Amino acid sequence: MMKLLRTKMDGLLIVFVVAVVIYPIAYGESLTAAVFDVDVTPPIGSQMAYDPVVNTWDMGLRAKGVVLIGAGQPIVLCALDWIGIGNDGHAAFRAGLARGAGTVPERVAVHTVHQHDAPACDFSVEAIAKQYNADPGCYEGSFAREVIEKLEWAVRDALISAQPVTHIGTGSAEVKEVASNRRILDEAGKVRAVRYTTCKDPVLRAEPEGLIDPEVSLISLWNDDAPVAVLSYYACHPQSYYRTGIPNPDFPGLARFMRQLAVPEALHIHFNGAGGNLGAGKYNDGSKENRLRLAERLADGMRRAWESTERMPVSPEDVDWGVVPALLPVSPLLNGESLQAELEKGADAVGILSNAAGLAWVERCKAGRPLDISCLSLGKARVIHMPGELFVEYQLAAKKARPDLFVTMAAYGDYGTGYIGTAKGYEEGGYETSGKASKVAPQVETVLMDAVHTLLQKE
């Protein structure tokens, strides 16, 4: 099925082609799940997103996931405690996990939790930096390639111990005093201040919580009465404080660990929702004690969602996977020739990598390489897998579109886009929708929401 999306940009009519791919289903006799959990902490001396690693902490970074087997080709879901994985790097992670699971990359979803004391990965940016004889910095991909190989073998090993899945569970609960909206508007509807995840200004912290999704959503897989995996989804930037030089999973990782201790039979896998314009700024002045406070509040929400879980039988016929390959519009503020010229001149390291990241996205779009928007159906549950630092409005709109279903969302998939605002968000201004932060145009909302609605319309 093909759809044409039309929009105007700079006076030109631009047509986006969106293809809905429905994979043939060959059901087995039963549904099984294999879980994997890999240490992805970078070694001392390597480069994280902002700083080199100078030491390690009690808790490292993890890549956790699950493989669903028995409903057509295997389906893989994976969440890493990294800041972002984009473009060719994202494709390589999907391909490696697909090899391990014996499936195709189109049936693999890779997301990051977006902690900042953590690595970044983008093989496209790495290649462009090297092309211009520049240091790729945090995009130097040696460690990432090692991790891909580790993940591939971890998945192969996990398949040996796959467990039956007889039931799924769904539950949700409000998380109190963690997320708040980052963008503070003036009377004219323009961004006058950004309440970042650490906010030391008491006046900004006193502003209302703003538009958020207060719920943490849990989907659990069960082997009769024994839980196999618990997947949690919550939308919020995950920083309490960072730039310590020490890799750490911050408060979502701590909350996940607390729940792992409470329900040790199941592997706990956490996904960050559409939290691009959300953070803990209203409740976090940067005090180091707040990391534990935020973790306890998120873990408490996870606990209450777990306690409210409703279980229902599941069979292979209740599992489906849909994909919409979507071509996203390039930001009008990005110009490939200008970016190339800046790279040829050379600049500070940050400027070089910013220009390389912009050029990587421009070249990808010029080549017509889409991003996969996918949806996992598990009984009445739906999980939409989205790219970039997505605004919360997308998540709220997806839930509103199908109130008859248990809809949740994982964002921070392919990170090549940077921030993804709404059409209104680009009119409001602010950091997140600036040319420095977002590589897509305002028309992106039409493309993504059409994909979401297409996927949610499937029964």
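Tabulated results
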| read-out | value |
| --- | --- |
| Matching residues, region 320-354, being of a type in the set (Ser, Thr, Tyr) and over 28 Å from Met449 (Cβ atoms) | Ser338, Ser354 |
| Cross-chain or 6+ apart pairs with Cβ under 7 Å, region 417-444 first and on the phi > 0 side of the Ramachandran plot and modelled with pLDDT of 95 or more, then in a loop (DSSP other than H, G, I, E, B) and not hydroxyl-bearing (Ser, Thr, Tyr) | Gly418/Gly388; Gly418/Ala437; Gly418/Lys439; Gly429/Lys190 |
| Neighbours by Cβ (under 8 Å, 6+ apart or cross-chain): first from region 168-191, free of Cβ contacts under 8 Å to residues at least 60 places away in the same chain; second assigned to a strand (DSSP E or B) | Ile184/Val191; Ile184/Arg192; Ile184/Ala193; Ile184/Val194; Asp186/Arg192 |
| Residue pairs meeting the criteria (Cβ under 6 Å; at least 6 apart or on separate chains; first at positive phi, in region 221-234; second at pLDDT 95 or above) | Asp224/Thr166 |
| Hits in region 151-190 - residues which are buried (at least 16 other Cβ atoms within 10 Å of the Cβ) and closer than 25 Å to Ile83 by Cβ | Leu151, Glu152, Ala154, Val155, Val175, Val178, Ala179, Ser180, Asn181, Arg182, Arg183, Ile184 |
| Pairs where the first residue, in region 202-215, is under 13 Å from Val178 (Cα atoms) and the second is β-branched (Val, Ile, Thr) and part of a loop (DSSP other than H, G, I, E, B), C-beta under 8 Å, 6+ apart | Pro214/Val175; Glu215/Val175 |
| Where Glu317 falls short, out of the listed (1) under 16 Å from Asp450 (Cα atoms); (2) charged (D, E, K, R); (3) assigned to a helix (DSSP H, G or I) | (1) |
| Hits in region 347-396 (condition: over 20 Å from Ser217 (Cβ atoms), of a type in the set (Gly, Ala, Ser), touching a residue at least 24 places away in the same chain (Cβ under 8 Å) and surrounded by fewer than 21 Cβ atoms within 10 Å (Cβ to Cβ)) | Ala349, Ser354, Gly368 |
| Some residue of region 418-425 being basic (Lys, Arg), in contact with a Pro (Cβ under 9 Å, 6 or more places away or on another chain) and within 22 Å of Ala179 (Cα to Cα) | yes |
| All positions within region 85-102 that are of a type in the set (A, V, I, L, M) and either within 23 Å of Ser315 (Cα to Cα) or part of a helix (DSSP H, G or I) (or both) | Ala91, Ala92, Ala95, Leu97, Ala98, Ala101 |
| One residue from Leu61, Leu68 being buried (at least 24 other Cβ atoms within 10 Å of the Cβ) and within 18 Å of Ile219 (Cα to Cα) | Leu68 |
| Selection within region 191-210 - surrounded by 16 or more Cβ atoms within 10 Å (Cβ to Cβ), small (Gly, Ala, Ser) and at negative phi | Ala193 |
| Any hit, region 400-412, residues being over 26 Å from Gly279 (Cα atoms), hydrophobic (A, V, I, L, M, F, W, C) and over 20 Å from the mean Cα position of the chain (by Cα) | yes |
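The values are calculated or read from the model by the stated rules, or taken from the named source; none is laboratory data. The structure presented is a predicted model; accordingly, all values stated were derived computationally and were not measured. As a convention, Cβ positions derive from the backbone with ideal geometry for all residues, glycine included, and neighbour counts pool all protein chains shown.
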